[in-house]
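Comments concern the structure below.
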């Protein structure tokens with residue numbers, strides 16, 4: 001049987017015609033419907049782990065629209081009362097684990113989780129507080145990037161960015177269930193791992209699990225950054241700030257988008 | 001009856017005849033219990049779980065239900081693995097329901113938000129004896145149950161709160177905060 005090249009489906013009463021392989025989330029965007037997401041990024045493959053984008057396709061369970069492909073004659077509802085209630089519950093579950101203050105919100109004002117909470121009108125969170133006392137801890141071993149595991153929502157964006165965009169494959173998940181957290185290499189401290197501290201990775205996060213040290217600097221700091229050599233291990237395993245990876249050639253680590261923007265440019 | 005044949009039923013629990021047995025299809029839960037020699041210590045049957053850790057508890061008065069997919073679904077549980085567990089009078093149903101949810105919380109892979117966080121919060125709420133906010137514990141757990149059931153990636157999250165909620169449904173007096 002020949003595979004269909006296109007599908008026609010209905011999303012919130014609107015008829016949508018899409019190419020084969022288009023996800024429900026993408027199709028919805030085509031007709032101006034923005035389904036909320038946290039783990040999804042258009043630059044990486046979808047994983048459907050946050051479940052914020054779930055929609056009603058008439059099936060037994062709700063489908064994650066970021067991963068579910070459109071099918072012909074499918075009827076999708078993206079914002080029923082039931083769907084909205086689940087989004088609220090999911091957001092509340094994430095919020096009850098958060099530290100009291102969001103450093104990202106304080107620095108760049110773009111904490112996607114808090115933005116979603118405001119959009120849903122969430123007030124007091126009814127679930128037991130899992131963030132009190134910061135039980136998940138943090139990792140300050142890197143001179144440039146601080147990791148706050150309590151603020152991490154395990155959206156998997158950092159893992160995918162490191163794998164798919166940078167092909168360094170440094171970041172992974174460790175542990176299981178509620179105790180899951182991200183890790184570098186075989187759960188080494190970030191500063192001692194093979195991570196090369198690329199802005200591209202942590203700049204993708206929707207929330208704030210990893211942020212740069214010195215975040216008290218004004219948000220409009222882009223371009224004037226911290227020059228920091230990449231750490232290289234000496235024979236005792238300690239980072240040697242005077243030796244670059246090519247034996248004396250220091251590679252400056254630019255804060256901000258500057259480095260990421262310069263990569264691949266002619267003459268660079 | 002929509003199915004025919006024989007069924008193998010395993011029955012751990014508070015009775016002497018543990019192990020697997022083969023029963024004609026359509027046999028009731030009560031018949032399985034009788035086959036196995038009845039409850040230990042002559043206790044009354046308080047409740048049973050028809051099909052393993054993910055199936056909802058049912059009160060003893062429903063023991064005439066046939067061990068059958070449709071029949072058990074109609075009374076709000078499931079055939080599952082037909083691993084019948086018989087619970088005698090005197091057992092703490094909330095404790096049993098909580099132990100099932102703890103199991104799923106422990107086994108959660110941690111990939112999706114509803115199961116990873118929701119199962120832990122359900123356990124925390126019951127362990128601390130309520131919401132802690134003066135709110136309606138049952139309503140909050142029901143909301144959690146609905147979200148896990150409809151948005152979890154896999155069946156584990158979908159059923160994680162089911163047995164616990166069946167205790168709230170069939171044994172509400174045991175879920176009150178001051179129950180001992």
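Rg/Rh for region B:13-90 to two decimals, with Rh computed the Kirkwood way over all alpha-carbon pairs. For region B:13-90, the value is 0.92.
When each of A:31, A:83 is scored by the number of other beta-carbon atoms lying within 10 Å, the sequence from fewest to most is A:31, A:83.
Note on residue B:95 and residue A:186: the model spin-label points, each 7 Å out from Cα along the C-beta direction, lie 4.3 nm apart. Seen against the Cα atoms of chain B and their longest principal axis, helix B:113-127 is set at about 80 degrees. Estimated from helical segments only, the mean residue ellipticity of chain B at 222 nm is -12000 deg cm²/dmol, where each DSSP H run of four or more residues counts as -39500 (n - 2.57). For region A:14-139, dividing the convex hull volume of the Cα atoms by the residue count gives 144 Å³ per residue. Relative to the dominant Cα principal axis of chain B, helix B:93-107 is inclined by about 70°. The relative contact order of chain B comes to 20 percent, based on Cα pairs under 8 Å that sit 6 or more residues apart. For region A:92-134 and region A:154-200, what is the centre-to-centre distance using only Cα atoms, to the nearest Å? Here the answer is 23 Å between Cα centres. Taking the convex hull of the alpha carbon positions in region B:89-171 and averaging its projected area over all directions gives 5.3 nm².
Structure remark: mean-square fluctuation, Gaussian network model of chain B, C-alpha springs under 10 Å; the largest value among B:47, B:122, B:139 belongs to B:139. Pairs of Cα atoms nearer than 8 Å and 6+ residues apart set the relative contact order; for region A:69-132 it is 43 percent. Expressed per residue, the C-alpha convex hull volume of chain B stands at 115 Å³. The relative contact order of region A:14-103, computed from alpha carbon pairs under 8 Å that lie at least 6 residues apart in sequence, is 26 percent. Put simply, the Cα atoms of region A:82-198 extend 42, 31, 31 Å along their principal axes, the longest span coming first.
Cβ-Cβ distance of residue A:5 and residue B:176, R₀ of 41 Å, FRET efficiency by 1/(1 + (r/R0)^6): the value works out to about 0.10.
For A:25, B:25, what's the fewest-to-most ordering of other Cβ within 10 Å of each Cβ? Please list the in-between numbers first.
Working: A:25 25, B:25 14.
Ascending Cβ contact count within 10 Å gives the list B:25, A:25.
Quick note: the coordinates plus some simple rules give every number you see, no bench work behind them. Since we're looking at a predicted model, the values are computed, not measured. No Cβ is skipped: glycine too gets one built from the backbone with ideal geometry, and neighbour counts run over all protein chains shown.
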